[in-house]
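What follows is a short report on a single structure.
What follows is calculated from the coordinates using simple rules that are stated; it is not laboratory data. Everything numeric in this text was worked out from a predicted model, so none of it was measured. We place every Cβ from the backbone using ideal geometry, glycine too, and count neighbours over all the protein chains shown.
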Ligand code: PRX
């Protein structure tokens, strides 16, 4: 058994004695660094090319493959079905170079959008990094997406190439004729049709040498689509410079050391999977576990045991799901390799922090807060810091965070308001693709408004309150009500739809839809089920309404906008508030 750490609960505080932790934290004194930190110092963490040029993928893989970590295991990939593959930094490097050469042969240009629609696999990791190394803008899509979600992303971004597999490509072909800019379909697997490019064949023929393209730090590295209150998902674009912060936060917050085995459970279709499942850990030369397949407590605990995972980054819903399955399952496994646990995506209940201490031998979860837009953890519980269970922690050195009102006035201790950040950190989004108006909306009064509400306590700890907008967080996934409403009204039985998040103990929120039926249709369990299935296949498994209520009318503003706020208030028994814009 590992030695007991001193992370014991003291009332509502998890008290730390950093000198007694298994490894000395990379960040020794948060308060001190916060006073002296400069972003220009962080630039020294990564390697630069002459003339101030940079390539994120070079820092993630090449510098290790060319150095002492050449034969270190970079990836332990377990497909979740009993097959494990181990790849060294050198092997990933060669694979990445081959794919960069395939892109060259296809005539893909610098900053072209290259998308990936693949299950987690070595091909996905290497392909994604190759696109970055090549100077394209890389974007992985969540493999559970249905045709509508795929079309929205490929169309808006004007993607020229898509790497997918024999199975997933079927969903792409349902919308392919709507995507005139998509020139290359690169297929991983045997089933390659005429007009498609075979990954296997082209990779075998390609050279394993390719020099990283020196990029301007502000040139784009990757983009990810995420949901807001209004409109379709927006393409959040990140620059190569972001690698500086991905590197630094992985080192200071996730606290990776040379001997660690690190596991981030997020898919690459989400920002956590990209930044802390690819970029940050590998930039630090860390061995990472990649696990395919679905949630399965036994498999998860076994993953920790078999690969001796020492750092684990997961999500609150996963923690609650593990809690719900009881403590007998973890008791069957040796989990003593773990030394630090982290969480992101939604509020982590204090019970989750405490449960982990019991099950994982006194290791609490460290909650981290950030967003697709912010590109990096910004508010967090550091390894050396005492934890207040339920709090998101404190801002990263170099980050000014505050609670502000609508005019930008900073609110005091204990006051609830908008969580806002002073712009200017390296990993911040650079653009919302083809939508400058939407980008500009986020910045007001000299602050970046996160869309979250929060408060700060007397010790400077931040506490999450909720969303200031209609965005729904369900099982940690971000869903826009508009996307769900748009999918719903395509069903012939649905005349109108209004969608809200309804609090749920396990999933944080579930999606609830209020529907006005088309004349001729009547309410039945079967119809509701049919509507649910319809949304699931169009959008994605997580984005369907688990609850549907048929209503006669929906509350609307005089201009015809559905007032979700009223639907929510009615559902939750909250005060209805200002209704002066209500239709009638
Ligand atoms: O509402 C906050 C919630 O997730 C939103 C960002 O979602 P997304 O862009 O999908 O990124 C998630 C992973 C980086 C935030 O605006 N959120 C994120 N972390 C936390 C959180 N809510 C509460 N506590 C957190 N630690």
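Using 0.36 nm per residue and subtracting the Cα-Cα separation, the extra length available between residue 415 and residue 558 on full extension is 48.2 nm.
As a rough footprinting exposure proxy, the listed residues 306, 530 were ranked by other beta carbons within 10 Å of their own, and the order from fewest upward is 530, 306.
Each of residue 438 and residue 351 was given a label point 7 Å from its Cα along the Cα-to-Cβ line. The distance between the two points is 3.6 nm. Kirkwood analysis of the Cα pair distances in region 477-572 returns a hydrodynamic radius of 13.5 Å. The alpha carbons of the chain stretch over 70, 66, 51 Å along the principal axes, in descending order.
In this calculation the C-beta distance from residue 529 to residue 86 is compared with R0 = 41 Å, giving a FRET efficiency of 0.40. With a Förster radius of 35 Å applied to the beta-carbon distance between residue 537 and residue 43, the computed FRET efficiency rounds to 0.15.
At full extension, residue 13 and residue 505 could sit 174.8 nm farther apart than now, given 0.36 nm per residue minus the alpha carbon distance. Label zone of residue 445 (point 7 Å out along Cα→Cβ, amide N under 17 Å): in region 405-426 this covers 405-423.
By DSSP, the beta bridges lying fully in the chain are antiparallel in about 60 percent of cases. If the segment from residue 333 to residue 72 were pulled out straight at 0.36 nm per residue, it would be longer than the present Cα-Cα gap by 91.3 nm.
Average projection, convex hull of the Cα set of region 314-404: 6.7 square nanometres.
Spin-label model, residue 422/residue 294: points 7 Å from Cα along the beta carbon direction are separated by 4.8 nm. Mean residue ellipticity, 222 nm, helices only, the chain: the sum of -39500 (n - 2.57) across DSSP H runs of n ≥ 4, divided by residue count and rounded to 500, is -7500 deg cm²/dmol.
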